[in-house]
Amino acid sequence: MDLVARCQAGDVEAFGTLYRNHAPRIYALASRMAGSPDEGEDLLQEIFLQAFRKLGSFKGEAAIGTWLYRLALNHCLDFVRSKQAKMGKVTDTLDAETSIEPAARRDTPIARIDLERAIERLPAGCREAFVLHDIEGFDHKEVGDVLGIAEGTSKSQVFKARMKLREFLRGK
């Protein structure tokens, strides 16, 4: 019996193996999308709890890793949207003040913060494709599978994201 079937049958050890196999990449995604390792850890636990609950609905049409990533990405996007809604009033004021600051030099912690802020400003589709392709290392076909878009759309979204990031980081 394969790992997924064992998990669906309630085998806790099999689910532990599934967790160990996929948690590092999902944690990396969750941490980047959430913006902090602590929130990434919380999201990781929530994602696998949700996966455990929904594993019965896994039909095997995609690889289990793709299914888990799609579940994780949706959960992370819900978290980010919720966080943005809560922080909206505060960040509107802060964005107006910080947009005047020049971009930091490369290879500094401030430059990494500038990049993270720029990534957060990307439109959702571009941000998702960019994070999965350029940061997580998925190829365009995998990005398409995870996001439910065509491979060409993934390429277009990543290209647009890179162009917008250049604009944001140059201060335009």
- line: Using a 1.4 Å probe on heavy atoms of the protein chains only, the accessible area for residue 121 in Å², nearest 10, reads 150 Å²
- prompt: What figure in square angstrom, to the nearest 10, would you give for the accessible area of residue 160 with a 1.4 Å probe?
  reply: 100 Å²
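Find the Cα radius of gyration of the range 119-168, compare it with 2.2 N^0.38 Å by division, and give the number to two decimals. Mind showing how you got there, number by number?
Values: Rg = 9.7 Å, N = 50, 2.2 N^0.38 = 9.7 Å.
The reported ratio for this selection is 0.99.
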query: Considering amide H positions built from the backbone, and no H for Pro or chain starts, which residues 5 or more places from residue 11, or on another chain, come under 5 Å of its amide H?
result: none
statement: For residue 133 the rounded accessible area (nearest 10 Å², probe 1.4 Å, non-protein molecules ignored) is 40 Å²
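Given a 1.4 angstrom probe, what's the average accessible area per residue across the range 1-52, in square angstrom?
On the way: 2830 Å² over 52 residues.
Solvent-accessible surface per residue comes out at 54 Å².
The values are calculated or read from the model by the stated rules, or taken from the named source; none is laboratory data. Predicted, not measured: the structure shown is a model, and the values here were computed from it. Accessible surface is based on the protein model in full, side chains and every heavy atom, while ligands, DNA and RNA are left aside. Shrake-Rupley method; radii C 1.70, N 1.55, O 1.52, S 1.80 Å.
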